[in-house]
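Written out below as structure tokens is the structure these notes cover.
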Amino acid sequence: MSEIVLITGASRGIGLGLVKEFLSQGVKVLATCRNPGAAQELSKVLADANQEPAFTLDVTSDLSLANLKSYLDLKKLVVKHLINNAGVSTPGHPVEDPDSIVRKEMLDVFNTNVAGVAGVTEACGVLTNGPGGKVINISSSMGSVERTLTSGSYYATSYRCSKAALNMLTACFSLQFPDTYFTMVHPGWVQTDMGGSGGRHCGHFGGESAQGIYNVLK
């Protein structure tokens with residue numbers, strides 16, 4: 001691939017792993033995160049690869065999305081592919097049952113994980129930069145209704161609901177824009193800030209997930 005891939009939530013975890021993987025494959029990357037100034041490893045990775053510096057993007061802010069549009073126009077950057085990786089959960093993740101949902105916390109999760117994905121997908125130009133673009137939305141098996149019922153697990157309810165909604169959003173986009181390839185992927189349990197919350201350890205640090213996602217996009 002010679003086109004630009006935009007990756008959100010790239011400062012750490014799976015997002016940073018994706019940046020490293022795509023750069024190692026010779027792909028031009030535009031990385032975004034909320035605070036590039038604090039993302040020292042990301043900044044070094046991009047500089048070493050002679051890529052554009054990370055762009056400051058808050059996917060929950062319409063102003064920030066408008067700034068992304070302006071930046072792409074100013075730099076004459078054409079985003080051909082998009083990985084919507086930015087995502088959040090509730091502050092106490094994974095501890096949250098259906099009968100203890102805090103409305104604001106749930107809405108904040110949906111704002112990032114669903115509305116934020118819709119906003120970035122529209123703003124970055126992937127829908128209008130010609131046929132053949134690919135959009136990968138980082139979902140989770142926790143968004144599967146069937147798996148939730150068969151597993152009997154209902155913790156992290158807001159996160160589960162947001163990923164189920166993201167899956168539906170992906171399906172709707174795919175129907176509206178048939179010339180653009182849309183898919184959602186489950187990256188596996190990875191030792192990120194979210195994946196390791198609550199003192200949990202899984203032993204996987206994102207490299208294998210990043211390779212798998214690259215294989216889906218290539």
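Taking first residues from the range 150-161 that are hydrophobic (A, V, I, L, M, F, W, C) and partners that are surrounded by 12 or more Cβ atoms within 10 Å (Cβ to Cβ), the Cβ contacts under 7 Å between residues at least 6 apart in sequence or on separate chains come to Ala156/Ser89; Ala156/His93; Ala156/Pro94; Ala156/Glu96; Ala156/Met142. One residue stands out among those in the range 1-51 that are within 13 Å of the chain's Cα centre (by Cα) and of a type in the set (Ser, Thr, Tyr): the one that is farthest from Asp73 (Cα to Cα), which is Ser11.
Consider the range 91-132 and keep the residues that are open to solvent by less than 10 Å² (accessible area, probe 1.4 Å) and among the polar types (S, T, N, Q). The one that is farthest from the chain's Cα centre (by Cα) is Thr121. Val145 - would you say it is surrounded by 13 or more Cβ atoms within 10 Å (Cβ to Cβ), at pLDDT 95 or above and on the phi < 0 side of the Ramachandran plot? Answer is no for this residue. Residue-level check: of (1) under 22 Å from Gly13 (Cβ atoms); (2) in contact with a helix residue (DSSP H, G or I) (Cβ under 8 Å, 6 or more places away or on another chain), Tyr154 misses just (1).
The values are calculated or read from the model by the stated rules, or taken from the named source; none is laboratory data. Quantities reported herein were computed from a predicted structural model and do not represent experimental measurements. Glycine gets a Cβ as well: all are built from the backbone with ideal geometry, and neighbour counts include every protein chain shown. When the accessible area is computed, the model is the full protein with side chains, heavy atoms only, and any ligands, DNA or RNA have been set aside. Shrake-Rupley method; radii C 1.70, N 1.55, O 1.52, S 1.80 Å.
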